[in-house]
Amino acid sequence: MKVDDEPSGAVFADERTHRLYLWRRWDKEKPWVMFIGLNPSTADESHDDPTVRRC
């Protein structure tokens with residue numbers, strides 16, 4: 001999967017029951033950072049939830 005060109009996005013399992021990946025890009029000039037979470041979340045490719053907003 002290549003996410004370099006997309007400022008935000010998400011990849012879901014079948015029927016959108018589980019989100020596999022979620023990304024946001026704030027600045028293309030800065031390096032990537034990864035957060036790993038194990039909590040239920042409602043964030044998707046276009047809407048953040050409270051946990052994502054805190055990152």
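Per-structure values
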{"item": "Simple label model, 7 Å out from Cα along Cβ direction - SER46 to LEU20, nm", "result": "2.2"}
{"item": "Sequence ranges 18-29, 33-44, ranked by mean other-Cβ count within 10 angstrom, highest first", "result": "18-29, 33-44"}
{"item": "Cut-off under 5 Å, modelled amide H: who pairs with PHE12 long-range", "result": "LEU20"}
{"item": "Proximal charge balance of ASP44 [Cβ under 12 Å; K/R count +1, D/E count -1]", "result": "0"}
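Here, each number is a calculation from the coordinates, and none is a lab measurement. Because the structure is predicted, anything quoted here is derived from the model rather than measured. Ideal geometry is used to build each Cβ from the backbone, glycine not excepted, and the neighbour counts take in all protein chains shown.
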